[in-house]
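What follows draws every value from the coordinates through simple rules; no lab data is involved. Treat the numbers as computed from the prediction; the structure is a model and nothing was measured. Quick reminder, even Gly has a Cβ in these numbers, built from the backbone with ideal geometry, and neighbours come from all protein chains shown.
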Amino acid sequence: MAAPHAVSGVEGGSSEAELILSHSSTGDVKRPQFGTRFLTDPRQVFQHNAWDNVEWTEEQEASAKKKVLENSQPLPSEKQEEYDSRANEYWNDFYTIHENRFFKDRHWLFTEFPELAPQCSLNHESHSEVSGTDDSQQGSLDQEQRREAAALSHTDGDMPGSSATYRILEVGCGVGNTVFPILKTNNDPGLFVYCCDFSSTAVELVKTNPEYDPGRCFAFVHDLSDVEANYPIPDGTLDVIVLIFVLSALHPDKMQASISRLARLLKPGGVMLLRDYGRYDMAQLRFKKGRCLSENFYVRGDGTRVYFFTQDELHEMFTDSGLEKVQNLVDRRLQVNRGKQLTMYRVWIQCKYRKALVQPPETQD
């Protein structure tokens, strides 16, 4: 369930690798910056397509709050129930219409989430062998070694990737715009990537992609909000879980339980990586009356739904799931349509939360 507003800039467009993340309300220090395009003279706003780390004025924030309040009257409960019960249908329709033409591959992933690249494999025995190689060396890892590892990754009666030494799961994989860049970039022979989506149409598009390699990847249909549904992966076996513009598609009442269920899949020391919509993002301000389901939760014209988070909301969900904060940052970006002389303020939140290496002892009743 990737986000349908990606085409209008949700993914950051061509400047994704220059993402700038500012101070968070949870106390993070600003990390080294990858982008350096700062708007110091408002008269120059249309000189570039995007500006980094744009701080809002009090007037801008007040205007955004007013706009959200104006369009916050929720739809009747029967309409809300309809959108909830037909969610799978709406996402299947979306991917049937757009197939794999809608989203750009997320090559910014390795800048923002180096845990997905081979030199940063957490808890990986071959880490030292890979970390000192450059890009050309990474691309020339012994092909025979990779084939042998792929062949071992399926064992009769075992889960897919049972012999892998580094396991990544992407939830809400859509048509594979995160999965395939990972598989192309990370040539670690011990890597295995699992990916799932609510939409069976999306999963089928992943499986029929020429780059899909069942020796290194396993795609399956799964409803993140159904915490009783089993994953094809035992608890405590994943190094990384990736959530890119997917948690926002769930009903808010189901988010906490879904994150807690995912947290059980992580190894001690494993991390959960999230990037999603922040409060007062342009996409939220564009919703008209008749699209609000509940506070900060909306339905798009195609029937898919989206929530807009604060950092504190996400922090509470992750920590209530027993995870420790590594990063919780807000990315405020000003995107510009120079042809139409329009400015668009984007707000995204990026999080990394880790499962403690030493788990607290279970308390007995």
Evaluation of Tyr280 against (1) surrounded by fewer than 22 Cβ atoms within 10 Å (Cβ to Cβ); (2) more than 15 Å from the chain's Cα centre (by Cα) (one fails), failing number: (1)
Across segment 55-92, the tally of residues that are more than 19 Å from Ser248 (Cβ to Cβ) and among the aromatic types (Phe, Trp, Tyr) stands at 1
Can you go through Asp223, Asp239 and tell me which one is under 22 Å from Leu357 (Cα atoms) and either touching a strand residue (DSSP E or B) at 6+ places or on another chain (Cβ under 8 Å) or touching a residue at least 24 places away in the same chain (Cβ under 8 Å) (or both)? Asp239
